[in-house]
Structures are given as structure tokens and as C-alpha cells.
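The values are calculated or read from the model by the stated rules, or taken from the named source; none is laboratory data. Given the structure is predicted, the values throughout are model-derived calculations rather than measurements. Here the Cβ is made from the backbone with ideal geometry for all residues, glycine too, and neighbour counts use every protein chain on show.
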Amino acid sequence: MTEQVLAEQRIRQNTEVTLHFALRLENGDTVDSTFDKDPATFKVGDGNLLPGFEAALFGFKAGDKRTLTIQPENAFGQPNPQNVQIIPRSQFKDMELSPGLLVIFNDAANTELPGVVKVFDNEQVTIDFNHPLAGKTLTFDVEIINVKSL
């Protein structure tokens, strides 16, 4: 009887989930995947998975395989124009810049802030601090390996 109950344990608050996942863009490019390595384990609500991804998994049980579409609002949000900053070129002395280059900045609290070079000239550099997946609809392939209560 106990084995039957364990087999039916479903993802909800206060569960630990082990799963394989693949995160893909609409064009099919894979952003991240565990299918070719060890599965991932997380506790629901621990912050390792975005709330929109967690919510999409609620009710699944071990053995379930699904492909989910996650809209930007439930993933990395929409790009915020205020997160695009123009910085004087002089801040990038001796740095070879190119569009798409990832540059790490430190804020006042010394927290690392990644930004992507959008455009630049001899006077200024436009940096986008939005998450690279902001505004993207994502496909989330999941295979639930195990679900246990905490």
C-alpha cells in the first residue's frame, strides 16, 4: 500500500523533485538541458526554479513526461527599457568591444551585474542589463524522475 502512495506523490508545495529538463527557444535552440547528464533536484519554493516553471509542474508525478510552453511573463519577464544603459566609452579602456559581448559590472553593493554590449562608438557604449531570455517564449521539456514529500 505504501508503494502505491509513493508512486502517486504529486508535485506541490513541500515536495522535493528530481527531474530531467531541457529549455528551448522557439527556434528549437537548446538553452540548457540535463538529459545528457545527471538529473536536477530541487525543493519546491527554494528559488532554484522560477515560480512560473514550478507552477507549471504542479500535479505531475514520477514518470510524467511533458512539453510545456512558458510565456515570457511566467519566465524571465519582458525586457525593461530602463535596463538599457548608455555608458561613456572611456569606462572600457583597453577593452575590445563587439556587439553581443557579455561584460560583468559591479554595483555599489559589489553585486555582479551582467550586461550585453548592444552598440558602441568612440564616445559611448549601449549596454543591455535585461536577462538574455527576457521577452522569450520558452519550451520546457520535463521528465519527472522522483517526487517526495518534505
Task: Search result, residues across the stretch 15-37 that are of a type in the set (S, T, N, Q) and under 15 Å from residue 147 (Cα atoms) - done: 15, 18
Open item on the list: Quick check on residue 103: is it in contact with a strand residue (DSSP E or B) (Cβ under 6 Å, 6 or more places away or on another chain), over 24 Å from residue 30 (Cβ atoms) and aliphatic (A, V, I, L, M)?
Closed with: yes
- [ ] Could you list, in sequence order, all residues of the stretch 38-94 that are touching a His at 6+ places or on another chain (Cβ under 8 Å) and without any contact (Cβ under 8 Å) to a residue 40 or more places away in the chain?
- [x] 40
- [ ] Could you check residue 65 against (1) charged (D, E, K, R); (2) in contact with a strand residue (DSSP E or B) (Cβ under 7 Å, 6 or more places away or on another chain); (3) surrounded by 14 or more Cβ atoms within 10 Å (Cβ to Cβ) and say which number it fails?
- [x] (3)
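Yes or no, residue by residue, for (1) surrounded by 12 or more Cβ atoms within 10 Å (Cβ to Cβ); (2) touching a helix residue (DSSP H, G or I) at 6+ places or on another chain (Cβ under 8 Å); (3) among the small types (Gly, Ala, Ser):
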position: 107; (1), (2), (3): no, no, no
position: 114; (1), (2), (3): yes, no, no
position: 117; (1), (2), (3): yes, no, no
position: 120; (1), (2), (3): yes, yes, no
position: 124; (1), (2), (3): yes, yes, no
position: 129; (1), (2), (3): yes, yes, no
position: 132; (1), (2), (3): yes, no, no
position: 136; (1), (2), (3): yes, yes, no
position: 139; (1), (2), (3): yes, no, no
- [ ] Would you point out the residue of the stretch 28-83, among those that are assigned to a strand (DSSP E or B) and hydroxyl-bearing (Ser, Thr, Tyr), that is nearest to residue 136 (Cα to Cα)?
- [x] 69
TODO: Give the residues of the stretch 134-150 that are modelled with pLDDT of 95 or more, of a type outside the set (Lys, Arg) and not in a strand (DSSP E or B), sorted by residue number.
DONE: 134, 135, 137
